[in-house]
1. Net charge near Val27, counting Lys/Arg +1 and Asp/Glu -1 over other residues with Cβ under 13 Å of its Cβ?
2. Could you grab the relative contact order for segment 141-195? Cα pairs under 8 Å, six or more apart, rounded to a whole percent.
3. Return the single residue from Val102, Val158, Val27 with maximal mean-square fluctuation; model: Gaussian network over the chain, springs between Cα atoms under 10 Å.
4. When we measure straight from the Cα of Lys61, which aspartates and glutamates land under 19 angstrom away, once same-chain ones fewer than 8 places off are left out?
5. For the chain, calculate the relative contact order in percent as a whole number, restricting contacts to Cα pairs under 8 Å that are 6 or more residues apart.
6. Starting from segment 87-195, pick out the trypsin sites (Lys or Arg not before Pro) whose DSSP state is loop and whose Cβ has at most 16 other Cβ atoms within 10 Å.
7. Rank Phe52, Phe13, Phe149 by mean-square fluctuation in a GNM of the chain with C-alpha springs under 10 angstrom and give only the top-ranked residue.
8. Nearest 10 degrees, 0 to 90: what angle lies between the long axis of helix 3-31 and the longest principal axis of the chain (Cα atoms)?
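Nothing in this text is a laboratory measurement; each read-out follows from the coordinates by a stated rule. Since the structure is predicted, the reported quantities are computational estimates derived from the model, not experimental observations. Note that each Cβ is placed from the backbone with ideal geometry, even for glycine, and that neighbours are counted across all protein chains shown.
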Amino acid sequence: MKQNDKESIIKLFGITNQFTELDLDRVEKKHNIDLGRSKAKTEKDITYYPQFELSIRNEAKLMSKHYEIFYCLEKSIRDLITATLETSFGEDWWNTNVPQIVKDEVKKRTQKEIDSGVTLRSLEPIDFSTFGELAEIFKFNWSTFNTIFKSLKAVEKVMSSLNTLRGPIAHCTALAEDEELRLQLSVRDWFRLME
């Protein structure tokens, strides 16, 4: 079994466990029961957190699980791109194997953060790219990624679906129940692309 296969299986196992947790959360909520799986309460800003409406705090708690899934997914996609292109093209892969329009947009975002005086989110340019731009990097380097994925159209379709689902998660809007299911299926589709 190849290293990439092992990593994919481990990642799929982790994502599947998160989906199971989500399903158990729904059961607890639907039947108003506590299955004793709650983790220790994390310390919140006790000065302001209680001032938010309970409904908003509850929605945030539910949405945090979707954010965690997407965070893991997006980080793993960035890692896959970096590892694959660095292995194939060396440490200068960003300069040689990323579409110029993506590099230009990343440069603007990086400069905006520098000009804001905040701590940079990363020293790696790929961390400044949007989810949609990651799809462009796959397309631009398809001759390298076609050994990992079977179909560029399938990669584009799944990434487009994930990008649509990312919007509500990233912009603090609750996902409808059917969109929660769509997220689960889209993440599964992503890992299925690498089988």
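1. Details: positive: Arg26, Lys29, Lys30, Arg37; negative: Glu21, Asp23, Asp25, Glu28, Asp34.
So the environment of Val27 carries a net charge of -1.
2. On the way: 26 pairs, mean separation 27.4, N = 55.
Relative contact order comes out at 50 percent.
3. Val27
4. Reachable aspartates and glutamates: Glu21, Asp23, Asp25, Glu28, Asp34, Glu43, Asp45, Glu53, Glu177, Asp178, Glu179, Glu180.
5. Values: 105 pairs, mean separation 44.1, N = 195.
Here the relative contact order equals 23 percent.
6. Values: sites: Lys103, Lys107, Lys108, Arg109, Lys112, Arg121, Lys139, Lys150, Lys153, Lys157, Arg166, Arg182, Arg188, Arg192; in loops: Arg121, Lys150.
When the trypsin sites (Lys or Arg not before Pro) of segment 87-195 are filtered for loop state and at most 16 Cβ neighbours within 10 Å, Arg121, Lys150 remain.
7. Its mean-square fluctuation being the largest, the pick is Phe52.
8. With rounding to tens, the tilt is 20 degrees.
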